1. Among the residues of the range 395-418, write down those that are charged (D, E, K, R), farther than 14 Å from Y459 by Cβ and more than 29 Å from the chain's Cα centre (by Cα).
2. For T181, indicate whether it is at pLDDT below 95, of a type in the set (S, T, N, Q) and either buried (at least 23 other Cβ atoms within 10 Å of the Cβ) or within 30 Å of L332 (Cβ to Cβ) (or both).
3. When the range 35-56 is examined, which residues are found to be of a type outside the set (D, E, K, R) and without any contact (Cβ under 8 Å) to a residue 40 or more places away in the chain?
4. Please work out which residue is nearest to L66 (Cα to Cα), limiting yourself to the range 6-29 and to residues that are at pLDDT 90 or above, of a type in the set (V, I, T) and outside any loop (DSSP other than H, G, I, E, B).
5. So S418 ticks every box in (1) surrounded by fewer than 20 Cβ atoms within 10 Å (Cβ to Cβ); (2) modelled with pLDDT under 95; (3) within 26 Å of S331 (Cα to Cα) but one. Which box is left unticked?
6. Only residues that are touching a strand residue (DSSP E or B) at 6+ places or on another chain (Cβ under 9 Å), more than 16 Å from R435 (Cα to Cα) and assigned to a loop (DSSP other than H, G, I, E, B): list them for the range 450-467, please.
Amino acid sequence: MALPVETFFLHPDAQGTLQQQIQQMIAQGILSGRFQQGEKLPSTRKLASHLGVSRITVTIAYTELLANDYLVSKGRSGYFVSENAPTPPSFTAPPESLDAVDWARAIGQKFSGGAGLAKPQDWAKFRFPFIYGQADQSLFDHANWRLCALQALGQKDFAALTTDYYDQDDPQLIEFIARHTLPRRGITARPEQILITLGAQNALWLTTQVLLTQRRNAVLEDPCYPALRDILSQSRCNVTPVRVDQDGLPPDAIPPETHVVFTTPSHQCPTNATMPMERRRALLDRAREMEALIVEDDYEFEMSFLKSPSPALKSLDTDGRVIYVGSFSKSLFPGLRLGYLVGSEPFIREARALRASVLRHAPGHIQRTASYFLSLGHYDALIRRMGTALHERRRIMEEALAAHDLRISGRGYFGGSSFWMRAPDQVNTDDLARRLHAKGVLIEPGRPFFAGSHQPANYYRLAYSSIPTARIREGVDLIAHEIAAT
């Protein structure tokens, strides 16, 4: 392909003849690295027409560049950047002083600097990736996902592919969630009570924006999903972390005057604790007493391969007090960015309006593809296959951890895909992670999950969703060796 002619333009303040200006323009493009060796230039006719000059002017400029070995001519194929063209010099970023804007004053609200978890983009290249939430290529059903995507591109689904839903969603996906997904959690909902989101995190952000203000109070678990703490901080509401125990969030520890409680009762993040039924009812009673709302993040219920999960907190709700957050991104693949909110119609109406003003809706093609994948039974088959694989990986990891006396602080009662670990008190898992990184081992330090300035430094999370079964024992051996050497 030729370089787009639109990338060529003459600077209005350029000096010299038109021929010289064209030469300088192309030479600078090569020297700056914009034009790469071997790339084809526009034809003399096309460039002349684009620049509004005569063709002979461009031809002479090309001839001079040929003579200087910037270009090479390949007969009727045209002109190309020469393999012997000067190599672009290494680029040095301009000093910050050239930016005349005082960004400290110009930025009205900061969103960076949160406690989000850092995951290497090249995690798959590591031999022992004990990190959470990544897709395992060996388990995913590529063939059927591809077929569903092609089906969603067909003429029959042209409207689903191209329609601007504005504030609505693909009715086929909504129907599947209402009739198949939610009943598995004991939840009954009408289409007007369901909203598709760009993953669970987008659902949590929408919920926070609708329900909380600077004068309202929120409670979140400690430790918790770090991105949720960032979302609440950005909303500028008053946030109270409540330390969880072996049964999750203790209702009696929730302070009075709380307006919204964020919790992960089925699979506490990151400790994996499951809230017993008695405590779930106590939490609902506590919320009713305070006239508070509860946001239930049920992010991993599909990974219940040990036994059937408890009914969702939302299923016990008789007041419309619980807002339910679900996601397909955890069970399919994180790049899907497809989740959903379930709540009372007045709340969903406001969340829908906010979503429409920010991003309209999730892409129609993604929604319809997911709908086909779910409704044709491929999703359930994938979940069963993943459950079998994760069950085996969990068994092997438990044996390996026990062999080295590595302490498990929390494991999912129904399954899940990770262990919450506690190292000896003297071990700083941030340092441990850096040393293991050099040996091809990825772990997640636990400090970012905790609130406050006195975060425990000796916790860490080990996930088994992305590491091949055959490498688990060797990876755990390396972790144990590094901890013992601390």
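The values are calculated or read from the model by the stated rules, or taken from the named source; none is laboratory data. If you're wondering where the values come from, they're calculated on a predicted model, not measured in any experiment. Because the Cβ atoms are built from the backbone with ideal geometry, glycine has one as well, and the counts that use them run over all protein chains shown.
1. E399, D405
2. Yes.
3. Listed by number, the residues that qualify are T44, A48, S49, G52, V53, S54, I56.
4. Here the answer is I26.
5. So S418 meets the others, but not (1).
6. Of everything in the range 450-467, those that are touching a strand residue (DSSP E or B) at 6+ places or on another chain (Cβ under 9 Å), more than 16 Å from R435 (Cα to Cα) and assigned to a loop (DSSP other than H, G, I, E, B) turn out to be F450, A451, G452, P456, Y464, S465, S466, I467.
A quick yes/no check of all residues on (1) within 46 Å of the chain's Cα centre (by Cα); (2) in a helix (DSSP H, G or I):
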{"position": "Q37", "(1), (2)": "yes, no"}
{"position": "K46", "(1), (2)": "yes, yes"}
{"position": "V53", "(1), (2)": "no, no"}
{"position": "Y62", "(1), (2)": "no, yes"}
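Yes/no per residue for (1) farther than 18 Å from D298 by Cβ; (2) in the same structural domain as L228 (by TED's automatic domain parsing); (3) part of a helix (DSSP H, G or I):
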position	(1), (2), (3)
S315	no, yes, yes
G326	no, yes, no
G335	yes, yes, yes
P346	yes, yes, yes
R355	yes, yes, yes
T369	yes, yes, yes
Y372	yes, yes, yes
T388	yes, no, yes
